[in-house]
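Since the structure comes first, as structure tokens, the remarks are kept for the end.
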Amino acid sequence: DSGVTQTPKHLITATGQRVTLRCSPRSGDLSVYWYQQSLDQGLQFLIQYYNGEERAKGNILERFSAQQFPDLHSELNLSSLELGDSALYFCASSVPSGGDTEAFFGQGTRLTVV
Amino acid sequence: GENVEQHPSTLSVQEGDSAVIKCTYSDSASNYFPWYKQELGKGPQLIIDIRSNVGEKKDQRIAVTLNKTAKHFSLHITETQPEDSAVYFCAASGMGGGADGLTFGKGTHLIIQP
């Protein structure tokens, strides 16, 4: 158990809908990262939050947004869903970069858009 | 930005033999190179990492080598066992640790044949 909790584990929804994925980081970790994993693209970095503020942005679509709350949990919102958004979405957390830090991944949310 | 290439995409070895997975990176400023193992239904888990100030690091049956001049790094698993079957990801970052700025390779599916 990595200590990072993601809910729900599975989500099936229709095209055009909106969903929210939730992540609770490990106790004490201030950084939260969201990744999308698809078969053909591997692990793609979407966005990072650090202590409530957006810190880095990767290949995140405009239809997607995220936030980190004061208790450090994070939510990834996906809207106007398309079939191609079907993927595994992972959250990871870590102490800020540098030194002997490690990123811990949750078990992921499998999103299926039908 | 950084680009990480990983080979092979699938590797099948006999139990007890060695396995080698290779990655190349493009950004000479990258200084942190972690390897992650992802088992079915789970999130990636860090198994070993190396920083640019060393050329090799070992942890029991796992070793990683880094050639900064050629910008490539490799994962070596000796005396492979059935539990080594998984997908392995290499990654590179210029941020020194954690998950900041990580760019992942597309993964290698390692199959250990009994």
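So, A:Ala103, is that one at pLDDT below 95, farther than 19 Å from B:Trp35 by Cα and either touching a His at 6+ places or on another chain (Cβ under 7 Å) or facing another protein chain (nearest Cβ under 8 Å) (or both) or not? In short, no.
Evaluation of B:Lys22 against the conditions (1) more than 20 Å from A:Leu88 (Cα to Cα); (2) under 12 Å from the mean Cα position of the chain (by Cα); (3) crowded, with 18+ Cβ neighbours inside 10 Å shows that the sole unmet condition is (3).
Matching residues to (1) aliphatic (A, V, I, L, M); (2) within 13 Å of chain A (Cβ to nearest Cβ):
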site	(1), (2)
B:Ile21	yes, no
B:Ala29	yes, no
B:Asp49	no, yes
B:Ser52	no, no
B:Ala63	yes, no
B:Leu66	yes, no
B:Pro82	no, no
B:Val87	yes, yes
B:Ala92	yes, yes
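Looking across segment B:15-28, the residues that are part of a loop (DSSP other than H, G, I, E, B), of a type outside the set (Asp, Glu) and over 15 Å from B:Thr103 (Cα atoms) come down to B:Gly16, B:Ser18.
Within segment A:27-53, the residues that satisfy the criterion of being more than 17 Å from B:Leu102 (Cβ to Cβ) and either away from chain B (no Cβ under 12 Å) or surrounded by 20 or more Cβ atoms within 10 Å (Cβ to Cβ) (or both) are A:Ser27, A:Gly28, A:Asn51, A:Gly52, A:Glu53.
Listed by position, the strands (runs of 3 or more DSSP E) inside segment B:29-113 whose residues that are within 23 Å of A:Cys91 (Cα to Cα) and aromatic (Phe, Trp, Tyr) number at least 2 are B:32-38, B:86-92. Which one is farthest from the other protein chains (Cβ to nearest Cβ), of the residues in segment A:1-15 that are of a type in the set (A, V, I, L, M, F, W, C) and not in a loop (DSSP other than H, G, I, E, B)? The extreme case among them is A:Ile12. Candidates are the residues of segment B:31-47 that are aliphatic (A, V, I, L, M) and touching a Phe, Trp or Tyr at 6+ places or on another chain (Cβ under 9 Å); the one that is nearest to the other protein chains (Cβ to nearest Cβ) is B:Leu46.
Taken together, A:Ser93, A:Ser86 contain a single residue that is within 20 Å of B:Tyr32 (Cα to Cα) and touching a strand residue (DSSP E or B) at 6+ places or on another chain (Cβ under 6 Å), which is A:Ser93. Return yes when B:Gly94 is small (Gly, Ala, Ser), surrounded by fewer than 17 Cβ atoms within 10 Å (Cβ to Cβ) and over 18 Å from A:Trp34 (Cα atoms) and no when it is not. When the stated conditions are applied, B:Gly94 does not pass them. Taking segment B:8-32 as the range and being in contact with a strand residue (DSSP E or B) (Cβ under 8 Å, 6 or more places away or on another chain), within 26 Å of B:Glu79 (Cβ to Cβ) and in contact (Cβ under 8 Å) with a residue 60 or more places away in the chain as the test, the residues that pass are B:Pro8, B:Ser9, B:Thr10, B:Leu11, B:Ser12, B:Val13, B:Gln14, B:Glu15, B:Ser18, B:Ala19, B:Ile21, B:Cys23.
The values are calculated or read from the model by the stated rules, or taken from the named source; none is laboratory data. Note that this is a predicted model, so its numbers are computed, not measured. As a convention, Cβ positions derive from the backbone with ideal geometry for all residues, glycine included, and neighbour counts pool all protein chains shown.
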